Each structure stands twice: as C-alpha cells, then as structure tokens.
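Colleague: Next up is a structure, given as structure tokens.
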Amino acid sequence: MAKVINQLIDVNQTGAGPNKKITENIYGIDSIIELMEINDWNGYLVSFDQEKAFDRVEHNYTFQVLKKMNFPPGIIRWIEIIYKHKKSTIQINGQLTKEIKIERSIRQGCSLSMTIYALIIEPLASNIRNSKDIKGINLPNRKEKCALFQHADDCSTIITEISDYDHLVKEFKRFGEVSG
C-alpha cells in the first residue's frame, strides 16, 4: 500500500504516505493566509473534525473503495480478514455481555488505520476538489484550485465565498451517509 498511496490520495492529505507530516499542511495554510494578507484578499479558514470518524466507517464501504481504487484482490482479502466477521464483548460490573458483531470502524492503533482512512476519505476530498460549487482559492503557479488540506479525518480549507461553506457541509453530510 505504501508504494501506491501517493498516487491514490491528494498531496494535501498528510495522514498517510511516506515522509508525510502534518506540518506540511500547517505551513501550506499559513502561506496561503500570508498571501491573502499581502494581496488584500478576503477569505475564511474552515476546519472540520469528523466526530468518531474512524468508528463510523462501515466495513463494506471500505472494501468498495479499495476495489474502486483497483487494489489487488489479495490485498483486499487480507484487509477483509483483519476487519470482517469480528465480534466483541464488553465487561460490565465483572460480567461479560453477549458477543456484538463489529460491522464498522477502522481500528485506531492498527498500523494500517491511517492509510486505510486516507484512502476511504479520498472520494470526499475528490468531490470537494472537483466541485464546481466550491470555489476554494486559486493560487499563482497552480493549475487546480486549492480546496482542502487533510490529516486523516481532520480537514481544513480556505474559501473566498461564504456560499462555499454550505456546499462543503453538504459534501461532508453526503460522505457520512455513504460511508456510514
């Protein structure tokens, strides 16, 4: 996965991939804010932190995204082995509950969790980058608009029009409905 991750996720997703650091996004946002101040451009910094993002993702959504990204069936099968058909119990007052089927969540602490989450949130990031309704900000010497900085589930964007905010919220809600 490490060999292909940078081809599958945007450069501004620093939650996964070799040599990626959250500081890259901090410097990127800071540079854009400075450029906006120098040029007297108006704008808004909007940050989204998805509540229980890793816990809510349905396993079937995860496998569908990996298939759509053309991961080899063998790799997908290994990830299915890690996540599918898992059960858990909870101890309450010294007593174990009945087994509970686990059909969603990316296990935090698993060495693959950040990579898997970066892959499964990429459709949301792609929708935002490609949306005609979200203008983002156009920077000198860059072909595409700068619309999103991500570190796993933490997403920040700089917008120049307040109407972009409503469209961003709509995209996040749609992602939540599709992914679980």
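Colleague: Given the criterion of a type in the set (Ser, Thr, Tyr) and either surrounded by 15 or more Cβ atoms within 10 Å (Cβ to Cβ) or farther than 29 Å from Ser179 by Cβ (or both), identify the matching residue among Thr23, Thr14.
Modeller: From the options Thr23, Thr14, the qualifying one is Thr14.
Colleague: OK, next. If Asp49 passes every condition in (1) exposed (fewer than 14 other Cβ atoms within 10 Å of the Cβ); (2) more than 23 Å from Ser179 (Cβ to Cβ) but one, which one does it miss?
Modeller: (2)
Colleague: Right, Trp78: in a loop (DSSP other than H, G, I, E, B), surrounded by fewer than 17 Cβ atoms within 10 Å (Cβ to Cβ), over 19 Å from the mean Cα position of the chain (by Cα) and not basic (Lys, Arg) or not?
Modeller: no
Colleague: Ok, one more. Only residues in the range 111-127 that are closer than 16 Å to Ile76 by Cβ count as the first member; pair them with residues that are surrounded by fewer than 19 Cβ atoms within 10 Å (Cβ to Cβ) and of a type in the set (Ser, Thr, Tyr), Cβ under 7 angstrom, at least 6 apart or cross-chain, and list the lot.
Modeller: Note: pairs meeting the criteria are Ile120/Tyr61.
Colleague: Of the residues Ala152, Ala125, Ala147, only one is crowded, with 19+ Cβ neighbours inside 10 Å, modelled with pLDDT of 85 or more and within 21 Å of Thr23 (Cα to Cα); which?
Modeller: Ala125
Colleague: Return the residue satisfying two criteria in turn: it lies in the range 87-111 and is under 33 Å from the mean Cα position of the chain (by Cα) and not in a loop (DSSP other than H, G, I, E, B), and of such residues it is surrounded by the most Cβ atoms within 10 Å (Cβ to Cβ).
Modeller: Residue satisfying both the conditions and the ranking: Arg104.
Colleague: Do you know which residues across the range 128-139 are assigned to a helix (DSSP H, G or I) and surrounded by fewer than 21 Cβ atoms within 10 Å (Cβ to Cβ)?
Modeller: Arg129, Asn130
Colleague: Hey, another quick one. Would you please list the contacts, defined by Cβ atoms under 7 Å and residues six or more apart or on different chains, that run from a residue in the range 68-91 that is over 19 Å from Asp55 (Cβ atoms) to a residue that is basic (Lys, Arg) and in a helix (DSSP H, G or I)?
Modeller: Every condition considered, the pairs that remain are Ile76/Lys67.
Colleague: Scan the range 28-63 residue by residue and report those that are over 19 Å from the mean Cα position of the chain (by Cα) and not in a loop (DSSP other than H, G, I, E, B).
Modeller: Asp30, Ser31, Ile32, Ile33, Glu34, Leu35, Met36, Glu37, Ile38, Tyr44 - these are the residues of the range 28-63 that are over 19 Å from the mean Cα position of the chain (by Cα) and not in a loop (DSSP other than H, G, I, E, B).
Colleague: Still on this model: Looking at (1) modelled with pLDDT of 85 or more; (2) part of a helix (DSSP H, G or I), which one does Thr157 not meet, given that it meets all the others?
Modeller: The number of the failed condition is (2).
The values are calculated or read from the model by the stated rules, or taken from the named source; none is laboratory data. This is a predicted model, so every value here is computed, not measured. Here Cβ is always computed from backbone atoms with ideal geometry, including for glycine, and neighbour counts include all displayed protein chains.
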